[in-house]
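Structure record follows, encoded as structure tokens.
The values are calculated or read from the model by the stated rules, or taken from the named source; none is laboratory data. The structure presented is a predicted model; accordingly, all values stated were derived computationally and were not measured. Here the Cβ positions follow ideal geometry from the backbone for every residue, glycine too, while neighbour counts run over all protein chains shown. Surface areas here come from the heavy atoms of the whole protein model, side chains and all, with no ligands, DNA or RNA. Shrake-Rupley method; radii C 1.70, N 1.55, O 1.52, S 1.80 Å.
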Amino acid sequence: MRATTIHGTRDIRVSEVPDPTIEEPTDAVVRVVAGCICGSDLWPYRGDNPVTPGDTIGHECVGIVEEVGPEVRSFRSGDFVVVPFDHCDNTCPHCLAGAQNACTNIGYTSSGQAEYARVTQAEGSLVKTGGVPDADLLPSVLTISDVMPTGWHAAVSAGVREGGTAVVVGDGAVGLCGVLAARVLGAETIVAMSRHEPRQEIARAFGATHVVAERGKEGVAAVLDITGGVGADAVLECVGTNQSIDTAFRIARPGSRVGFVGAPHGVELPVRRMFTHNIGLAGGMAPTRRYMPELLALVLDGTIEPGRVFDATMGLDDVAEGYRAMDERRAIKVLIEP
């Protein structure tokens with residue numbers, strides 16, 4: 001099959017690789033109808049994460065079931081499904097506790113930007129859409145594979161509440177979905193920290209009541225001004241850098257919580273401030289499967305439209321340009337059509 005492969009820093013290619021097959025009785029093979037590039041894909045692309053040259057890349061996709069293993073009983077060839085980026089059996093003690101991201105049989109999508117993807121633990125992982133989504137719904141359905149549940153996880157972990165104040169640090173697709181999640185969960189004041197006008201526009205459409213373009217001390221001061229010097233009831237950290245974590249804890253009010261979902265790179269937690277201000281930290285890798293049914297229902301009934309985070313669509317042959325566009329911040333999130 002044709003698949004996106006990574007060969008080194010900023011070296012993305014389309015290569016011929018072996019088709020995925022049923023390796024375990026719990027597997028399924030899905031023909032990818034739509035995939036996308038994730039902000040976290042930019043870490044290895046930029047050389048911040050080690051890579052094995054020739055590895056496939058891409059962990060978000062939706063598509064049609066081609067084949068299932070003998071232990072997959074709820075799905076059959078022809079079903080249109082959403083594939084969570086982190087696969088789970090949905091029955092182990094961790095899954096039953098709502099931590100599907102730590103399933104004892106965890107697996108991950110490794111060729112979402114390709115023609116086919118293997119799904120481990122398909123019975124517990126896949127979610128049917130009830131038919132092929134309309135073209136205008138497909139981008140929003142695709143967000144259910146990762147960015148919308150991840151933004152939702154940030155909001156849930158931060159304790160966003162009805163009538164409260166939420167601040168979102170990060171204006172990538174996950175951060176924008178965090179703004180949308182905060183609105184759905186009832187926050188009255190929602191501050192999006194963003195310096196880029198197209199992203200600010202989407203943040204406002206998703207429910208942001210304020211936009212702060214400043215960073216560092218100036219950004220903290222702006223948030224404190226909006227909140228009357230109190231700080232945020234809930235902070236959604238959606239970047240993963242030391243600066244974003246530092247900002248998150250400086251704008252969090254005493255007794256509040258930071259929900260972090262940005263993959264951490266070079267982060268040092270401000271433990272003394274966490275201690276003296278009783279500021280908690282929760283979150284991490286999203287238990288995607290936990291949230292998928294609820295979020296998919298909100299998409300299908302028109303309550304939310306997270307697919308607005310896609311501002312570019314490209315064919316698989318142009319995937320390298322998609323990476324360049326996101327790396328250079330010319331695109332928020334790129335949808336890939338194999």
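Table for the structure above
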{"item": "Residue satisfying all of: in the stretch 271-282; under 18 Å from residue 160 (Cα atoms) and open to solvent by 40 Å² or more (accessible area, probe 1.4 Å); nearest to the chain's Cα centre (by Cα) among these", "result": "281"}
{"item": "Among (1) farther than 20 Å from residue 120 by Cβ; (2) without any contact (Cβ under 8 Å) to a residue 40 or more places away in the chain; (3) open to solvent by 40 Å² or more (accessible area, probe 1.4 Å) - the single one residue 53 does not satisfy", "result": "(2)"}
{"item": "Residues satisfying the stated conditions in the stretch 202-219, i.e. open to solvent by 50 Å² or more (accessible area, probe 1.4 Å) and either without any contact (Cβ under 8 Å) to a residue 24 or more places away in the chain or part of a helix (DSSP H, G or I) (or both)", "result": "204, 209, 210, 214, 217, 218"}
{"item": "In the stretch 113-159, the residues that are within 15 Å of residue 296 (Cα to Cα), touching a residue at least 12 places away in the same chain (Cβ under 8 Å) and over 14 Å from the mean Cα position of the chain (by Cα)", "result": "125, 126, 127, 128, 129, 130, 131, 132, 133, 137, 138"}
{"item": "Matching residues in the stretch 218-241 - criterion: being more than 19 Å from residue 190 (Cβ to Cβ) and either at pLDDT 95 or above or hydroxyl-bearing (Ser, Thr, Tyr) (or both)", "result": "218, 241"}
{"item": "Top-ranked residue of the stretch 56-87 - restricted to ones that are under 25 Å from residue 287 (Cβ atoms) and small (Gly, Ala, Ser), ranked as surrounded by the fewest Cβ atoms within 10 Å (Cβ to Cβ)", "result": "74"}
{"item": "Residue list for the stretch 49-88, filter: part of a loop (DSSP other than H, G, I, E, B) and either within 16 Å of residue 5 (Cβ to Cβ) or touching a His at 6+ places or on another chain (Cβ under 6 Å) (or both)", "result": "49, 50, 51, 52, 53, 54, 57, 58, 59, 85"}
{"item": "Residue satisfying all of: in the stretch 1-24; under 25 Å from residue 121 (Cβ atoms) and out of contact with any strand residue (DSSP E or B) (no Cβ under 9 Å at 6 or more places or on another chain); surrounded by the most Cβ atoms within 10 Å (Cβ to Cβ) among these", "result": "24"}
{"item": "Matching residues, the stretch 220-252, being of a type outside the set (S, T, N, Q), within 18 Å of residue 270 (Cα to Cα) and in a helix (DSSP H, G or I)", "result": "220, 245, 246, 248, 249, 250, 251"}
{"item": "Qualifying residue in the stretch 105-112 (condition: touching a His at 6+ places or on another chain (Cβ under 7 Å), at pLDDT 95 or above and either loosely packed, with under 14 Cβ neighbours inside 10 Å or at positive phi (or both))", "result": "yes"}
{"item": "Residue count, the stretch 163-201 (criterion: in contact with a helix residue (DSSP H, G or I) (Cβ under 9 Å, 6 or more places away or on another chain) and open to solvent by 20 Å² or more (accessible area, probe 1.4 Å))", "result": "8"}
{"item": "Candidates 255, 229 - the one that is open to solvent by less than 70 Å² (accessible area, probe 1.4 Å), under 30 Å from residue 96 (Cα atoms) and not acidic (Asp, Glu)", "result": "255"}
